[in-house]
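What follows is one structure encoded as structure tokens, with my remarks underneath.
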Amino acid sequence: MLPRWLFPALAAVLVATAPLFAAPPNIVILYADDMGYGDLAIQNPGSKIRTPHLDQLARAGLRFTDAHSSSGVCTPSRYALLTGRFHWRKFHSIVDSFGPPSFDTELTLPAMLQRQGYRTACIGKWHLGWNWDAIKRPGAKPAPGTGYAPADFDWSKPIPGGPRDRGFDYYFGDDVPNFPPYTWFENDRVLTVPSVPLQNSAKTAEGNWETRPGPMAPGWDFFAVMPRLTERAERWIGEQKGQPGPFFLYFPFTSPHAPIVPTPEFAGKSSAGGYGDFMEQTDATVGRVLAALAAHGFADNTLVIFSADNGAERYAYERIQKFTHRSSGPLRGLKRDLWEGGHRVPFVVRWPGVIPAGTVSPALLSQVDLMATLAGITGFKLPAKSAEDSYDFLPVWKSGAPGPRDTIVHSTNAQGYALRHRQWLYVATKTGAVSRVPEGFDSANGYTPHSEPGELYDLAADLGQHHNLHAAQPAKVAELRAVLDQVRARGQVR
């Protein structure tokens with residue numbers, strides 16, 4: 001018999017080695033495309049866009065007010081979210097039309113969850129590349145102005161390098177809403193041969209398609225994309241009922257990214273133009289996914305995470321002038337910018353019984369932190385040289401504890417980096433921040449134009465980044481430059 005004095009120590013060991021949760025949760029990530037910080041109504045008192053389902057999700061869980069995507073553009077942020085690595089350690093740009101895969105041998109979030117017994121699915125926008133050379137016919141080259149011809153590919157073959165090769169058991173989507181090929185994918189094949197060149201006949205809600213030329217399935221309907229994806233996500237959730245073990249659904253939306261194509265049900269419903277209508281349709285999709293989880297008995301043991309890949313597109317400046325709706329809320333900048341509006345995004349998590357309802361956290365968080373957090377929740381030990389920029393945020397989620405992260409490094413292109421270190425934003429570029437603000441707009445809104453190759457803001461006193469302190473505080477610039485160099489040189493965790 002063990003001596004009684006040993007019992008407390010033994011009990012402590014057993015608690016420390018017990019599974020974190022008796023039943024691992026289902027996990028759903030809902031990922032909006034080009035949605036600004038201020039497009040979430042609950043954190044923008046002046047919003048002209050209604051987001052009742054997202055607002056309710058936030059009231060039922062935890063909302064972060066200082067959460068960030070890795071980049072100010074799409075592909076890099078998705079790569080970072082799915083690997084726990086800052087994208088700039090490998091690349092900066094988006095995958096172009098018919099571009100190669102973004103991954104090599106990195107451990108991905110779905111592959112990690114597969115190892116923990118999860119059924120995994122991606123439904124929606126992939127935009128992380130495929131190995132198109134496997135189905136490209138010899139000698140095929142894109143023609144200037146028209147891109148690849150439909151006959152340049154053997155569409156009967158499987159296309160490797162996509163979601164199925166990155167840890168997803170199932171994929172359904174359109175790859176990229178405004179890039180060819182315009183057709184539906186299921187797993188590693190197209191469902192309908194894209195046999196005709198791109199044709200745009202109707203007008204979008206804001207008059208700009210942003211579509212690139214290339215092959216299209218006959219009758220392809222851009223307005224039907226989000227409804228079809230939403231229906232497929234609902235159906236996949238229903239198919240999980242009665243299945244053993246947990247599931248992971250990654251649902252990257254094609255909205256509210258261009259083309260701005262709200263369905264008739266939503267056209268004219270918002271007070272912020274076509275984009276506002278499309279954003280309200282995006283919110284309705286969130287509501288339908290949450291309703292599907294509840295209808296099939298999954299709501300109580302499903303961790304739902306909502307965020308976006310970057311800030312709103314540059315048309316947001318016109319939205320301020322026409323509708324007084326600020327897609328970036330109090331922040332400066334939009335998509336592509338190193339300013340906060342380019343990458344500070346909505347971030348909401350709900351997990352009944354674990355995450356207290358109605359909580360708000362000011363902790364600095366990056367989407368790369370999902371990898372370590374979900375590894376901790378599911379009991380997965382991350383190997384060395386994997387997810388090296390990721391922190392475990394579960395204590396923050398559960399109790400509102402201070403966050404483990406002080407620093408994030410952002411980059412949209414190789415010409416510049418932004419460092420968030422506590423309340424400071426330091427922007428280091430070769431030619432100054434590249435701004436697409438319309439002429440006269442900066443000064444009319446209180447910003448001071450400048451061209452020096454560096455910017456410094458104290459966000460605790462100047463959240464809107466109006467006053468550049470770079471010249472006035474050289475010691476702080478030197479300190480932050482050293483931090484930036486240190487993070488770029490190595491990972492933040494292991």
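The values are calculated or read from the model by the stated rules, or taken from the named source; none is laboratory data. Every value quoted in this text rests on a predicted model; they were computed, and no experiment measured them. No Cβ is skipped: glycine too gets one built from the backbone with ideal geometry, and neighbour counts run over all protein chains shown.
Of the residues contained in segment 74-93, none is found to be in contact (Cβ under 8 Å) with a residue 12 or more places away in the chain, part of a loop (DSSP other than H, G, I, E, B) and among the aliphatic types (A, V, I, L, M).
When we screen Trp220, Trp155, Trp130 for residues that are buried (at least 16 other Cβ atoms within 10 Å of the Cβ) and within 25 Å of the chain's Cα centre (by Cα), the only hit is Trp130. Looking across segment 414-434, the residues that are part of a loop (DSSP other than H, G, I, E, B) and either modelled with pLDDT of 95 or more or surrounded by 18 or more Cβ atoms within 10 Å (Cβ to Cβ) (or both) come down to Arg422, Gln423, Ala433.
Touching a Leu at 6+ places or on another chain (Cβ under 8 Å), crowded, with 17+ Cβ neighbours inside 10 Å and not hydroxyl-bearing (Ser, Thr, Tyr): is that true of Ala41 in this structure? Spelling it out, Ala41 is indeed touching a Leu at 6+ places or on another chain (Cβ under 8 Å), crowded, with 17+ Cβ neighbours inside 10 Å and not hydroxyl-bearing (Ser, Thr, Tyr). Scanning segment 281-312 for residues that are among the charged types (D, E, K, R) and either more than 22 Å from the chain's Cα centre (by Cα) or buried (at least 23 other Cβ atoms within 10 Å of the Cβ) (or both) returns Asp283, Asp300, Asp309. Exactly one residue out of Ala372, Ala384, Ala357, Ala401 is out of contact with any Lys or Arg (no Cβ under 9 Å at 6 or more places or on another chain), among the aliphatic types (A, V, I, L, M) and in a loop (DSSP other than H, G, I, E, B), and it is Ala401. A single member of Thr407, Thr378 is surrounded by 21 or more Cβ atoms within 10 Å (Cβ to Cβ), in contact (Cβ under 8 Å) with a residue 24 or more places away in the chain, farther than 20 Å from Arg78 by Cβ and not small (Gly, Ala, Ser), and it is Thr378. Taken over segment 198-240, residues that are of a type in the set (A, V, I, L, M, F, W, C) and under 16 Å from Pro264 (Cβ atoms) amount to 7. Residues in segment 115-169 that are touching a helix residue (DSSP H, G or I) at 6+ places or on another chain (Cβ under 7 Å) and not in a loop (DSSP other than H, G, I, E, B): Thr120, Ala121, Cys122, Ile123, Gly124, Lys136. Any idea how many residues of segment 102-114 are over 18 Å from Cys74 (Cβ atoms) and outside any loop (DSSP other than H, G, I, E, B)? Adding up the residues that qualify gives 5.
Restricting attention to segment 75-110, the residues that are buried (at least 16 other Cβ atoms within 10 Å of the Cβ) and within 17 Å of Gly167 (Cα to Cα) total 16.
Contact map, segment 287-309: first residue within 20 Å of Tyr118 (Cα to Cα), second residue modelled with pLDDT under 95 and of a type outside the set (Ser, Thr, Tyr), Cβ cut-off under 8 Å, separation 6 or more or different chains; pairs are Asn301/Ala23. Selection of segment 195-252 for residues being of a type in the set (Phe, Trp, Tyr) and under 15 Å from Cys122 (Cα atoms) yields Trp236, Phe247, Phe248, Tyr250, Phe251.
If you check Ile27 against the conditions, is it farther than 25 Å from Asn178 by Cβ, of a type outside the set (Phe, Trp, Tyr), in contact with a helix residue (DSSP H, G or I) (Cβ under 7 Å, 6 or more places away or on another chain) and part of a strand (DSSP E or B)? It is true that Ile27 is farther than 25 Å from Asn178 by Cβ, of a type outside the set (Phe, Trp, Tyr), in contact with a helix residue (DSSP H, G or I) (Cβ under 7 Å, 6 or more places away or on another chain) and part of a strand (DSSP E or B). Within segment 321-350, the set of residues being touching a Phe, Trp or Tyr at 6+ places or on another chain (Cβ under 7 Å) and not in a helix (DSSP H, G or I) comprises Ser328, Gly329, Leu331, Arg332, Gly333, Arg344, Val345, Pro346, Phe347, Val348, Val349. Checking Asp175, Asp169 one by one, the residue that is out of contact with any Ser or Thr (no Cβ under 6 Å at 6 or more places or on another chain), farther than 24 Å from Leu40 by Cβ and either in contact (Cβ under 8 Å) with a residue 40 or more places away in the chain or of a type in the set (Ser, Thr, Tyr) (or both) is Asp175 and no other.
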